[in-house]
1. Considering each residue of segment 9-20, count those that are part of a helix (DSSP H, G or I) and either small (Gly, Ala, Ser) or within 13 Å of ligand 2 (Cβ to nearest atom) (or both), and give that number.
2. Exactly one of (1) over 26 Å from Thr418 (Cβ atoms); (2) open to solvent by 30 Å² or more (accessible area, probe 1.4 Å) is unmet by Pro199. Its number?
3. Residues that are on the phi > 0 side of the Ramachandran plot and either open to solvent by 30 Å² or more (accessible area, probe 1.4 Å) or of a type in the set (D, E, K, R) (or both): which helices (runs of 4 or more DSSP H) entirely in segment 84-151 hold 1 or more of them?
4. Return yes when Pro170 is crowded, with 16+ Cβ neighbours inside 10 Å, touching a Cys at 6+ places or on another chain (Cβ under 6 Å) and not in a strand (DSSP E or B) and no when it is not.
5. Does Ala358 fit the bill of being touching a Cys at 6+ places or on another chain (Cβ under 8 Å) and buried (at least 20 other Cβ atoms within 10 Å of the Cβ)?
6. Just checking, how many residues over segment 62-94 are under 13 Å from Cys25 (Cβ atoms) and more than 15 Å from ligand 1 (Cβ to nearest atom)?
7. Take the conditions under 26 Å from Gly240 (Cβ atoms), in contact (Cβ under 8 Å) with a residue 12 or more places away in the chain and more than 18 Å from the chain's Cα centre (by Cα) and apply them to Arg128. Does it pass?
8. What are the residues in segment 55-71 that are part of a helix (DSSP H, G or I) and either in contact (Cβ under 8 Å) with a residue 40 or more places away in the chain or open to solvent by 60 Å² or more (accessible area, probe 1.4 Å) (or both), if any?
Amino acid sequence: MQTSFTLAQLADPHVAESEKILRACVHCGFCTATCPTYVLDGNELDSPRGRIYLIKDMLENDRPATQEVALHIDRCLSCLACMTTCPSGVHYMHLVDHARAHIERTYRRPAHQRLLRAALARLLPFPRRFRLVLTAALAGKPFAGFAGAIGFKQLAAMLQLAPAHLPHRPLAPQTFKAVGARKGRVALLAGCVNDVLAPQINAAAIRVLTRLGIDVVVADGSGCCGSLVHHMGREGDALGQARANIDAWTALGTIDAVVVTTSGCGTTVKDYGFMLRSDSTYAAKAAKVAGLTRDITEYLATLSLEPAQSGPGLVVAYHSACSLQHGQRVTRQPKELLGKLGFAVKDVPDGHLCCGSAGTYNILQPDIARRLRERKVRTIEELRPDVIAAGNIGCMTQIAAGTKLPAVHTIELIDWATGGPCPPALREHAPQAALRPNAAAS
Ligand code: SF4
Ligand code: SF4
């Protein structure tokens, strides 16, 4: 694609990077076929190619974002299916991140949107604050349908996604010691939403890793990875959260990996090197942390993992989270690990399409998110699985809100098959499974 940025514009490294990305696009439109928002409505402006044109026009003319630009960029899930499909290697993620930051700086949203986005940015990344909100949401949960019926769709979406139990306390900084001889040492990103909504995920990861002889450190000062605010265009907040994590993990000295159990967070931490490339104090440290970062399944695939007894033999519908398959290109390891441990793993048809979770997307864009969830649940239920597995709490929560099937994290199944407890969602759904955690494979 031809561009006409001036030399003065290109002096800005963000613009220079975006120009490079724009020039790689050859307008072929292959990406439209795998873009969830285009697949739903067929609107070119809600396709990657259409969005790329909107971004080009906005940046090239150095214009404040218009309502139209904000509308179509806001509808983008940042699922990155377009990056997997693109034959020209267009780095859409960095382009849309730049566009979101530009929109945040130059566009004044309606008051109710400003309020909601500010509340999400100030509450979700902070586990203690988020826990208080969830406690309040528990009381409001029965009124989700009423809130939707009177037009408060975003409030209804939040109440629907809130858990039906009291939220948990976030994991305190500490070291979980390896069982037996120590073979390695990793930092675990405890995260924010993940840790409060579903502490069983990190607990399972810690059990599996320590059983394999790995010390697991939850570093003092580490917290939200920054992705929640990053995807809202709040660049300063996101970089602040990234720097705090980099400081916390750098202070640990030698570690083998930064292990992440939420794939959306993993994608962002792996991008710290790019995000902080212009910060002379942090660039090298950020690149080092990014290079050390592994999804939990990616890390486990390098270790020797054996089932405790014979495999559980359940049919698992494996939902490949967009951030894992498109963002990190981790596709093989979760399925191979589950298969090795005795689960019968089935791919979900149209697995490249997002479930509609996408960070805060299912709150900010509840209608599109609901339609994508309905589509995803339909394809999963056709597989008639015993359980759904995913590597991202957002997907688990989103899908679970639309089906009676239990949705668990991949690491919970791995833990169960290697000697840990039955995942709570599976136990509640099928108590007999809890009684036979390692029954012979059928
Ligand atoms: S597939 Fe790639 S090159 Fe083709 S229109 Fe989409 S982003 Fe551009
Ligand atoms: S990130 Fe996903 S929703 Fe956004 S343009 Fe690409 S494919 Fe479409």
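The values are calculated or read from the model by the stated rules, or taken from the named source; none is laboratory data. The structure displayed is predicted, hence computed values, not measured ones. A quick note on method: Cβ atoms are made from the backbone with ideal geometry, for glycine too, and the neighbour counts reach across all protein chains shown. Side chains included, ligands, DNA and RNA excluded: accessible areas come from the protein's heavy atoms. Shrake-Rupley method; radii C 1.70, N 1.55, O 1.52, S 1.80 Å.
1. Initial filter on segment 9-20 (part of a helix (DSSP H, G or I)): 9-10, 13-20.
Subsequent filtering for residues that are either small (Gly, Ala, Ser) or within 13 Å of ligand 2 (Cβ to nearest atom) (or both) retains 16, 18.
Residues in segment 9-20 being part of a helix (DSSP H, G or I) and either small (Gly, Ala, Ser) or within 13 Å of ligand 2 (Cβ to nearest atom) (or both): 2 in total.
2. Going through (1) over 26 Å from Thr418 (Cβ atoms); (2) open to solvent by 30 Å² or more (accessible area, probe 1.4 Å) one by one, Pro199 breaks only (1).
3. Those helices (runs of 4 or more DSSP H) do not exist here; none qualify.
4. no
5. Numbers: touching a Cys at 6+ places or on another chain (Cβ under 8 Å): yes; buried (at least 20 other Cβ atoms within 10 Å of the Cβ): yes.
In short, yes.
6. So the count comes out to 0.
7. The answer is yes for Arg128.
8. Once the filter is applied, which keeps residues that are part of a helix (DSSP H, G or I) and either in contact (Cβ under 8 Å) with a residue 40 or more places away in the chain or open to solvent by 60 Å² or more (accessible area, probe 1.4 Å) (or both), segment 55-71 yields Ile55, Lys56, Asp57, Met58, Leu59, Glu60, Gln67, Glu68, Leu71.
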